[in-house]
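Structure record follows, encoded as structure tokens.
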Amino acid sequence: MNLTRTAILIFVFVLGVSPADAQTKEGEALNKGTIKQQFDYIINESNSYKEYKVIEKPKLQKLKSNVADSLNLVHAQLSETQDRVKSQNEEVAALQADLDKANNDLSEVVSQRDSIEFFGKQMDKATYKSIMWSIIGGLLALLLFFIFRFWRSNAITKETKEALLRTQEDFDGYKKRTLTKEQQIMRRLQDEINKNLP
């Protein structure tokens, strides 16, 4: 009696589990599977009549709903992707504009760095350096010329002062000699005058 009772319980358990298990598999196939898996499930589980497949309406409506949901999801994702692409294109365009502006600013800065304003005109640094070194060279040449002229003039002035000093000394010597001669002549004259006086 126990054996029959156990067999009945097992049979009831198998019958009770099987429809539930079948419904669970059906629910999983139609709810969780991909569209291809759902179509495969519908085709495999449908009845055949001659060369036709007979599909239950609830399963077909469920498949139709799932396909529509999937298409709506794909459309939503596509729309979202298009919006994201449009946003990214706008961002890329803005970044490109910023990059172009930065490149222009960089070119201007490099141009300003490589040039100098000289008498209100932008001039290349190499040309500016050439002009400045030419001016410095010219001024240095003039300085050397004037130093030479000063040195030469100074030497001539020294020689002239020395010659003047010698001439002055000669003149002073001549003056002394002349004064001495004049005094001697005056004494003689006085002596003669004194001799001739009665």
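Name the residue that is farthest from Lys125 (Cα to Cα), counting only residues in segment 58-113 that are at pLDDT 90 or above and hydroxyl-bearing (Ser, Thr, Tyr). Within segment 58-113, the match that is farthest from Lys125 (Cα to Cα) is Ser79.
So that you can scan it fast, the table gives a plain yes or no per residue for (1) on the phi < 0 side of the Ramachandran plot; (2) in a helix (DSSP H, G or I); (3) among the hydroxyl-bearing types (Ser, Thr, Tyr):
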{"position": "Met123", "(1), (2), (3)": "yes, no, no"}
{"position": "Lys129", "(1), (2), (3)": "yes, yes, no"}
{"position": "Gly137", "(1), (2), (3)": "yes, yes, no"}
{"position": "Leu142", "(1), (2), (3)": "yes, yes, no"}
{"position": "Arg149", "(1), (2), (3)": "yes, yes, no"}
{"position": "Ser153", "(1), (2), (3)": "yes, yes, yes"}
{"position": "Lys161", "(1), (2), (3)": "yes, yes, no"}
{"position": "Glu169", "(1), (2), (3)": "yes, yes, no"}
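Cβ-Cβ distances below 8 Å connect the following pairs, each with a first residue in segment 43-54 that is among the hydrophobic types (A, V, I, L, M, F, W, C), a second residue that is part of a strand (DSSP E or B), and a separation of six or more residues or different chains: Ile43/Lys53; Val54/Asn47; Val54/Ser48.
The values are calculated or read from the model by the stated rules, or taken from the named source; none is laboratory data. What you see is a predicted model, and the numbers here were worked out from it, not measured in a lab. Methodologically, a virtual Cβ is constructed for each residue, glycine included, from the backbone with ideal geometry; neighbour enumeration extends over all protein chains shown.
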